[in-house]
Amino acid sequence: MTGARAEQHPVRIGVQLAPQHGTVAQLLDAAARMEDLGVDLVMGWDHFFPLTEPDRPGDHDGAHFEAFTLLAAMAERTHRVEFGPLVAATPFRNPDLLADMARTIDHISAKGSGVGRFVLGLGAGWNQRDFEEYGFGVGEPGAAGLATVGLATVGLGTVGQRLTAFEAAVPRVLARMPKLTPPPTRRIPILIGGAGERRTLRVVAEHADLWHAFGDEETLRHKSMVLNEHCAAIGRDPATIERSTGTSVRGLGVGDPETAERFVALGFSTFIVAISPPDLDDTPVRALLAWRDRRG
């Protein structure tokens with residue numbers, strides 16, 4: 001078995017709306033339009049500055065909006081889709097506060113049905129500028145922020161430091177959820193992004209409902225096998241983890257039906273395509289939706 005068992009999870013198509021180079025109105029209109037098209041998930045990202053340039057060099061200082069406040073507005077604007085950050089950087093927020101934010105957005109999204117639609121994506125963070133300009137460190141979870149300004153921990157830190165903070169943050173987030181009053185409307189699904197074999201995939205095996213990673217077929221076949229080994233070590237059925245891949249605005253990943261079909265054979269069932277203002281080209285999203293619907 002190279003991945004989770006094929007067809008264990010239904011094929012789902014998502015879109016990542018990059019909150020850059022546009023207005024809030026454009027982004028919320030795009031979220032509503034994606035829902036009308038029939039996507040299953042609408043995701044954001046957790047950065048503080050644009051990652052790509054729209055049409056001219058040097059525009060990494062263009063318009064950009066914060067993840068969770070925009071997601072709260074998305075909760076009110078949409079009605080059916082699941083949504084969340086792809087992914088929230090755990091060093092940016094106290095883990096207990098992060099759980100409370102997720103729970104609150106979950107309740108906002110539960111209008112009508114009484115059941116929320118929020119998916120909490122978590123990761124260790126990676127963008128140097130985000131860490132440095134906002135003064136976030138990678139020490140003990142919850143210590144990040146102004147308290148660390150001027151100390152050696154401010155900044156991106158090493159991969160090992162970020163993973164240590166991430167490993168401590170995820171169980172704190174999960175432990176806080178049932179203590180909240182009121183609790184979430186449902187068990188909020190946890191999506192973990194990343195593919196580090198020794199530590200990240202172990203956290204996926206321990207805590208994730210969904211795993212998201214980028215890579216070609218050979219790479220993700222191997223990563224899936226490593227994840228399966230971590231699951232076996234703790235007695236978890238690897239097929240209970242929904243496996244997700246897709247494209248990024250920086251050109252990574254799987255964005256066409258023919259390739260996606262091959263990934264289904266590896267156990268991947270969710271495909272999330274990144275689109276960005278100013279054009280918000282949804283052509284690959286429409287192609288994947290048509291493929292999903294043909295598959296039945």
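3J(HN,Hα) along segment 85-96, derived from phi through the Karplus expression 6.51 cos²θ - 1.76 cosθ + 1.60 where θ = phi - 60°, amounts to x, 10, 10, 6, 7, 4, x, 7, 9, 3, x, 5 Hz, with x in place of Gly and Pro.
Amide H contacts for H64 (H built 1.01 Å from N in the peptide plane; partners 5 or more residues away or on another chain; cut-off under 5 Å): H21.
Label point of H64 set 7 angstrom out along Cα-Cβ; within segment 84-99, amide nitrogens under 18 Å from it belong to 85-93. Distance between the pseudo-spin-label points of R286 and V24 (7 Å out from Cα toward the beta carbon): 3.0 nm. For the chain, the solvent-accessible area works out to 41 Å² per residue, with a probe of 1.4 Å and every protein chain left in place. Surface composition of segment 150-203: carbon and sulfur atoms hold 61% of the protein heavy-atom accessible area at a 1.4 Å probe.
Going by the alpha-carbon gyration tensor, a ≥ b ≥ c the square roots of its eigenvalues, is segment 162-296 rounded (a/c under 1.5) or, if a/c is not under 1.5, prolate (a/b greater than b/c) versus oblate? Taking the square roots of the gyration eigenvalues as a ≥ b ≥ c, segment 162-296 is prolate. Whole-Hz Karplus values for segment 99-106 come out as 4, 5, 4, 4, 4, 5, 5, 4 Hz, taken residue by residue from phi with 6.51 cos²θ - 1.76 cosθ + 1.60 and θ = phi - 60°; glycine and proline positions read x.
Using packing as a proxy for protection, rank 274-283, 200-209 so that the peptide with the highest average count of other Cβ atoms within 10 Å comes first.
Numbers: 274-283: 16.7, 200-209: 21.8.
Highest to lowest by the protection proxy: 200-209, 274-283.
The values are calculated or read from the model by the stated rules, or taken from the named source; none is laboratory data. Quick caveat, the model's predicted, so the values are computed rather than measured. Note: ideal-geometry Cβ built from the backbone for every residue, glycine included; neighbour counts use all protein chains shown. These accessible areas exclude ligands, DNA and RNA; they are computed on the full protein's heavy atoms, side chains included. Shrake-Rupley method; radii C 1.70, N 1.55, O 1.52, S 1.80 Å.
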